[in-house]
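Bear in mind that the values in this text are calculations on the coordinates, not laboratory data. In this text, all values refer to a predicted model and were calculated from it rather than measured experimentally. Methodologically, a virtual Cβ is constructed for each residue, glycine included, from the backbone with ideal geometry; neighbour enumeration extends over all protein chains shown.
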């Protein structure tokens, strides 16, 4: 998406699969194969309409709609996410935050109130939530358990502990900055 948005800003209307693949860091055959799952989007000899491809990819990836998020765990990373407006530009909106530490309850970041985790059920009865984001520095399992019990089926885990769902209907995406940096350090070492 970012590449297509960049191409739009440069006023590029059409791009070949070879040029698009080079921008994406993949080979053109793989790119064409992957895009075939989205639909027939390119024209032989002309390439892909940047605007049309972006529109179709957004729909295919569920990015054409807005998504409501809740945050679990007030940490420096959590506060950064609540205060950062770039997620809103992408269609992701934090509606509430939860914590277990008394000193964080009642604080407001960028219009988002911090509630006690015990209030999760009450708050979720008032708002529709699509994704839970866990950023706590301690006991992320508490937030996972609470979110899953309240029907949150998609969870982005940014804590320092990998989490796994027992329920196959719950999708957890674990992301670790240190693991990503470790991959890069391994690459540099070699």
Options (i) 1.05; (ii) 0.94; (iii) 1.07 are given for Rg/Rh (Cα atoms, Kirkwood Rh), and the computed one is (i)
Translational diffusion coefficient of segment 2-60 at 37 °C, 0.692 mPa s, Stokes-Einstein with Kirkwood Rh over Cα pairs, in µm²/s as a whole number.
289 µm²/s
Rounded to the nearest 500 deg cm²/dmol, what is the calculated helix-only ellipticity per residue at 222 nm for the chain, with -39500 (n - 2.57) per DSSP H run of length n ≥ 4?
-11500 deg cm²/dmol
Please check: in the Gaussian network model of the chain (C-alpha springs, under 10 Å), which one of 132, 73, 25 has the largest mean-square fluctuation.
25
For the chain, modelled as a Gaussian network with Cα springs under 10 Å, which listed residue fluctuates most, 94, 175, 37?
37
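Considering only the chain, what is the antiparallel percent among its DSSP beta bridges, to the nearest 5?
Values: 6 of 27 bridges.
Expressed as a percentage, antiparallel bridges in the chain total about 20.
Can you figure out the FRET efficiency of residue 59 with residue 128, using R₀ = 22 Å and their beta-carbon distance, to the nearest 0.05? Present the calculation step by step, with values, prior to reporting the outcome.
On the way: r = 21 Å, r/R0 = 0.93.
Efficiency computed from Cβ-Cβ geometry: 0.60.
Given a cut-off of under 8 Å on Cα pairs at least six residues apart, what relative contact order in percent is computed for the chain? Kindly include the intermediate steps, with their values, before the conclusion.
On the way: 260 pairs, mean separation 27.6, N = 190.
Dividing the mean separation by the residue count of the chain yields 15 percent.
Cα gyration tensor of segment 67-179, axes a ≥ b ≥ c as square roots of the eigenvalues: rounded (a/c below 1.5), prolate (a/b > b/c) or oblate? Provide the component values of the computation, followed by the final result.
Details: a/c = 1.22, a/b = 1.14, b/c = 1.08.
In terms of gyration-tensor shape, rounded.
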Using the basic label-point model (7 angstrom from Cα toward the beta carbon), what is the residue 26 to residue 165 distance in nanometres?
2.4 nm
Most fluctuating residue of 136, 43, 100 in a GNM of the chain with Cα springs under 10 Å: which is it?
43
Quick one: grab the alpha carbon gyration tensor of segment 39-118, order the square roots of its eigenvalues as a ≥ b ≥ c, and give me rounded if a/c is under 1.5, else prolate or oblate depending on whether a/b is larger than b/c.
prolate
Can you tell me the relative contact order of segment 2-60? Whole percent, Cα pairs under 8 Å, sequence separation 6 or more.
43 percent
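I need to check one value: relative contact order of segment 80-139, counting alpha carbon pairs closer than 8 Å and at least 6 residues apart, in percent. All intermediate terms of the calculation are to be shown ahead of the outcome.
Details: 45 pairs, mean separation 15.5, N = 60.
Relative contact order for segment 80-139 comes out at 26 percent.
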